[in-house]
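First up is the structure itself, then whatever we jot down about it.
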Amino acid sequence: MQLPIKNNLSYITVIAKNNHGIYLGYNEAKSGIYHKGEVTDLVFEKNIKIEHKAIFAEGNTVIFGLTRRIFQYNTKIKEKHLLNNFVLKNIVPYTPGSILLCTSDGLISYNYHTRKYTDVLSKERIYTALPYTHDSLFAGSFKDLYKVNTVTKKKTLFLEGYYFTDLKKLRDNLYVGATNLNGIVLFDNTRIIRKITESTGLTNGQIKKIEVENKNTFWASTNYGLSRIELKGNDVKINNFTQTDGLPSNTVAGCVISGDTIFVGTSKGLGILSIKNLMTQKNFIDKKVIINSVVAGGKEIFDTHQPLTGQTPENDIIFNVSFPDFTSQGKISYRYTIEGLSTGWQTSSSQKIAFYSLPPGNYTFKVFGIGYNGKRSYAPTEVHFEIFPKFWQTWWFKTMIIFLGAAALFILITVYFQKKRNKKLETLYYEKKIAELELQAIKAQINPHFIYNCLNSIQFLLYKKDYRETENYLEIFAQMIRKTLHYSEKTFMPIKEEAEYLALYLNMEKLRLKDLFDYSITISEKVNENWVVPSLLIQPFVENAIKHGIAGLTDRKGNIQVSFDHNGTSLCVVIEDNGIGIGNGKQKKADSFGVKLSQKRIETFRQLFETHILLEIYDLFEKEQRPGTQIKLYIKPYENQNTSMHH
């Protein structure tokens with residue numbers, strides 16, 4: 001409701017109320033008193049262009065504060081009285097019977113019954129103030145807010161750089177401040193609790209006045225209309241009202257509430273509205289956005305019902321839109337999105353909405369019209385369009401490129417690994433060749449070494465002129481030489497043949513040493529006699545046992561035991577004697593020439609055939625407190641035991 005009353009079109013700069021009426025201050029040296037539907041003018045000085053800054057009304061006293069004049073007016077006897085001359089910024093209620101005058105020279109308390117002044121804070125330009133305890137108040141300078149102790153006159157900086165224009169108490173220890181730049185600030189007497197700005201939903205961040213409705217609700221006056229702010233726990237609900245809702249103008253100086261009625265002072269007079277009616281008004285406009293034309297594929301199309309298409313590289317699309325909401329007086333914007341493109345909702349005040357370099361796809365353009373007060377069209381306007389791809393943007397072309405790329409990569413990787421493998425095989429081949437040559441060299445050393453030992457024995461027998469024994473010995477020696485030459489050509493030999501060869505050798509040595517020792521060769525049931533072992537590997541250890549272990553025994557008969565067993569993973573060959581032991585021999589077994597050759601062969605077999613042979617030598621006196629030496633050979637082949645030993 002807007003009252004058709006005389007001078008209701010005057011420019012109102014301030015508004016206040018008491019039980020007798022509503023008081024209006026204009027942008028000149030006259031005021032208006034509204035009562036029961038009529039405004040009565042109150043002229044202080046004619047034709048003087050000084051505007052009202054604040055009005056205070058309590059009982060019969062109304063104080064009209066103009067920029068350079070302050071008048072005290074008695075509504076009962078209609079008498080006005082000119083107060084001291086101040087450059088006034090604001091008037092704030094203080095203690096019963098007194099007010100605070102915010103001036104360019106400081107903060108002054110004025111008792112309107114005794115008409116006495118008291119300095120509260122001097123030599124400081126004060127724009128707004130609010131008492132919060134009996135001896136403390138907030139005082140706002142041009143840009144900062146201070147806490148002031150009215151007894152000690154001490155001031156402390158509280159909030160810096162907020163440019164407060166108005167302060168009100170909402171409830172115990174919760175205050176609301178209007179600022180000139182930063183919207184609305186809620187604070188207690190220690191800190192800021194919340195900021196309410198344009199991003200929260202205000203139409204503008206420049207707030208002039210605050211009017212409290214109740215402990216959770218207040219109104220903010222701006223040059224862009226009126227906002228009602230309601231605090232709901234951690235949420236803030238904001239309703240914005242403008243001319244379209246019945247305000248005489250959007251330039252609102254302030255408002256006062258009386259019951260359900262809100263009186264709004266604007267640049268075009270007084271607006272009187274029902275809060276209930278304001279709150280139940282529709283939040284949308286009964287109109288839709290009109291699509292005037294669409295520029296797609298480089299052509300302007302006016303009939304938007306026909307299929308709209310574009311193709312790369314002509315993949316720009318421009319919508320020319322309008323919103324026929326005349327009450328918004330041209331203050332119109334558009335909220336739009338493109339479904340199929342993840343851009344979210346955007347807002348623009350331009351009637352040309354353009355999208356550049358759209359990727360191929362199906363799209364729907366949706367647009368709402370937004371009126372000046374934030375109300376939007378009841379439904380969106382929708383337009384469907386499609387951007388076609390060039391052949392290189394199609395899925396089959398991309399799939400083909402990916403496939404060709406993957407194939408090329410696969411070929412490159414294969415070639416690379418093939419080269420690497422060939423190089424490795426070449427290296428292995430040369431390593432194997434070297435190892436084979438080494439093995440041949442070792443075998444070439446074994447034969448002369450063995451023959452040398454045998455000839456020594458024959459020489460010894462001839463020396464003793466034992467010709468019959470020499471004949472026997474030569475016969476066995478001939479068999480040994482044949483077998484040795486035969487096996488030295490082979491890399492591996494079956495266990496059965498190895499056992500026969502060892503028996504032949506032990507018989508020959510037994511003959512030479514006149515039954516100085518006994519021997520036994522045992523093959524476990526777990527061992528297959530056809531399994532193969534490296535040829536001529538065991539003989540040097542048996543030779544060592546005779547030569548260094550039992551050859552010098554005088555107190556007991558020698559005994560040599562050779563056994564073949566299998567422990568589940570490896571073939572275990574044990575050569576044991578009851579001789580003098582490693583520690584007591586003139587030459588340690590591990591250092592003998594034959595054993596050294598054998599150890600070299602063990603390493604070569606590992607390199608050449610990946611046959612792992614572990615050699616362990618024990619002094620039985622240290623191990624089991626009995627004389628003798630024990631040699632253990634663990635032969636672990638490179639494949640499964642049961643197959644590899646069939647070579």
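The values are calculated or read from the model by the stated rules, or taken from the named source; none is laboratory data. Just so it is clear, the model here is predicted, and its values are computed rather than measured. Cβ sites come from the backbone with ideal geometry, for glycine too, and all protein chains shown count toward neighbours. Ligands, DNA and RNA are stripped out before the accessible areas are found, and what is left, the full protein with its side chains, is counted by its heavy atoms. Shrake-Rupley method; radii C 1.70, N 1.55, O 1.52, S 1.80 Å.
In the range 622-633, the residues that are in contact (Cβ under 8 Å) with a residue 12 or more places away in the chain and more than 16 Å from Gly558 (Cα to Cα) reach residues that are part of a loop (DSSP other than H, G, I, E, B) and of a type in the set (Val, Ile, Thr) with C-beta atoms within less than 8 angstrom, at least six apart or across chains, in these pairs: Leu633/Ile538.
Residue pairs whose Cβ atoms lie under 6 Å apart, separated by 6 or more positions or on different chains, with the first residue in the range 29-54 and of a type in the set (A, V, I, L, M, F, W, C) and the second in a strand (DSSP E or B) and open to solvent by 70 Å² or more (accessible area, probe 1.4 Å), are Ile33/Thr40. For the structure I just gave you, tell me whether Leu186 is under 29 Å from Tyr378 (Cα atoms), of a type outside the set (Asp, Glu) and buried (at least 17 other Cβ atoms within 10 Å of the Cβ). So Leu186 does not fit the description; no. Quickly run through the range 265-294 and pick out the residues that are more than 45 Å from the chain's Cα centre (by Cα), farther than 19 Å from Thr40 by Cβ and either outside any loop (DSSP other than H, G, I, E, B) or of a type outside the set (D, E, K, R) (or both). Of everything in the range 265-294, those that are more than 45 Å from the chain's Cα centre (by Cα), farther than 19 Å from Thr40 by Cβ and either outside any loop (DSSP other than H, G, I, E, B) or of a type outside the set (D, E, K, R) (or both) turn out to be Thr266, Ser267, Leu273, Ser274, Ile275, Lys276, Asn277, Leu278, Thr280, Gln281, Asn292. When you scan the range 324-357, how many residues do you find that are at pLDDT 85 or above, surrounded by 15 or more Cβ atoms within 10 Å (Cβ to Cβ) and either closer than 22 Å to Met279 by Cα or of a type in the set (A, V, I, L, M, F, W, C) (or both)? Number of matching residues: 4. Here the range 135-162 is the region considered, the condition is being open to solvent by less than 50 Å² (accessible area, probe 1.4 Å) and hydroxyl-bearing (Ser, Thr, Tyr), and the residue that is farthest from Arg125 (Cα to Cα) is Ser136. When Ala129 is tested against (1) under 50 Å from the mean Cα position of the chain (by Cα); (2) open to solvent by 40 Å² or more (accessible area, probe 1.4 Å), exactly one condition is not met: (2). Within the range 593-622, the residues that satisfy the criterion of being within 58 Å of the chain's Cα centre (by Cα), at pLDDT below 80 and open to solvent by 40 Å² or more (accessible area, probe 1.4 Å) are Arg606, Gln607, Phe609, Glu610.
Of the residues making up the range 104-135, those that are over 26 Å from Gly59 (Cβ atoms), in contact (Cβ under 8 Å) with a residue 24 or more places away in the chain and not in a loop (DSSP other than H, G, I, E, B) number 1.
Of everything in the range 358-379, what is modelled with pLDDT of 90 or more and among the hydroxyl-bearing types (Ser, Thr, Tyr)? Give them in sequence order. Within the range 358-379, Tyr363, Thr364 qualify. Return yes when Phe368 is closer than 23 Å to Gln243 by Cα, surrounded by 13 or more Cβ atoms within 10 Å (Cβ to Cβ), within 38 Å of the chain's Cα centre (by Cα) and not basic (Lys, Arg) and no when it is not. Yes.
Can you tell me how many residues in the range 263-315 are of a type outside the set (Val, Ile, Thr) and over 27 Å from Ala379 (Cβ atoms)? Adding up the residues that qualify gives 17. Can you pull out the residues in the range 70-93 that are more than 15 Å from Tyr112 (Cβ to Cβ), open to solvent by 30 Å² or more (accessible area, probe 1.4 Å) and modelled with pLDDT of 90 or more? Answer for the range 70-93, where residues must be more than 15 Å from Tyr112 (Cβ to Cβ), open to solvent by 30 Å² or more (accessible area, probe 1.4 Å) and modelled with pLDDT of 90 or more: Val87, Lys89.
On the given criteria, is Ile193 part of a strand (DSSP E or B), in contact with a strand residue (DSSP E or B) (Cβ under 6 Å, 6 or more places away or on another chain), on the phi < 0 side of the Ramachandran plot and open to solvent by 10 Å² or more (accessible area, probe 1.4 Å)?
Spelling it out, Ile193 is indeed part of a strand (DSSP E or B), in contact with a strand residue (DSSP E or B) (Cβ under 6 Å, 6 or more places away or on another chain), on the phi < 0 side of the Ramachandran plot and open to solvent by 10 Å² or more (accessible area, probe 1.4 Å).
Of note, Lys287 satisfies the criterion of being among the charged types (D, E, K, R) and surrounded by 15 or more Cβ atoms within 10 Å (Cβ to Cβ). Of the residues making up the range 572-587, those that are at pLDDT below 80 and in contact with a helix residue (DSSP H, G or I) (Cβ under 8 Å, 6 or more places away or on another chain) are Ile582, Gly583, Gly585, Lys586, Gln587.
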